[in-house]
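Undergrad: This is the structure, below, for whatever I ask next.
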Amino acid sequence: MSGISDAQLTEAQTVAAVVTMQNLYSLANRTDDALVDRCTAENIAYAAFFPLGGFSPLQSQTLTDVADRLGAARQQVSPAWLLQRSPVHGPVPRHILVGPPTREHRRRTGPARRRDR
């Protein structure tokens with residue numbers, strides 16, 4: 001299911017089990033916060049589309065500040081935030097889940113993967 005509301009999710013669940021959904025969601029567009037919480041509680045996978053802002057880069061001073069503090073790119077921090085926001089977020093690029101493929105890539109992306117700062 002894609003682009004649905006909380007009410008539409010409820011209605012869909014009367015017809016069949018919903019195992020995944022996809023909506024617009026990012027650090028800058030968090031209108032689905034309650035729906036993400038519901039998906040987490042009901043163990044429904046939630047795929048955020050345009051998590052980096054879509055056709056134009058995400059414009060968020062908070063994101064820039066966090067990226068600067070971590071020494072990472074904004075495009076690295078945003079997916080890391082999604083992963084810590086809820087365990088039901090996906091799909092996530094493979095290198096974020098299992099580590100980057102090269103030593104140089106690990107050097108560039110390492111700060112974004114350290115979310116405990």
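The values are calculated or read from the model by the stated rules, or taken from the named source; none is laboratory data. Quick caveat, the model's predicted, so the values are computed rather than measured. Every residue, glycine as well, gets a Cβ built from its backbone with ideal geometry; the counts of neighbours run over all protein chains shown.
Undergrad: Would you point out the residue of region 5-27, among those that are surrounded by 14 or more Cβ atoms within 10 Å (Cβ to Cβ), among the aliphatic types (A, V, I, L, M) and within 17 Å of Asn43 (Cβ to Cβ), that is nearest to the chain's Cα centre (by Cα)?
TA: Looking at the filtered set, the residue picked out is Met21.
Undergrad: Filter the helices (runs of 4 or more DSSP H) completely within region 32-117 down to those with at least 3 residues that are modelled with pLDDT of 70 or more.
TA: Values: elements: 33-42, 61-70, 74-85, 94-98, 103-113.
Correct list: 33-42, 61-70, 74-85.
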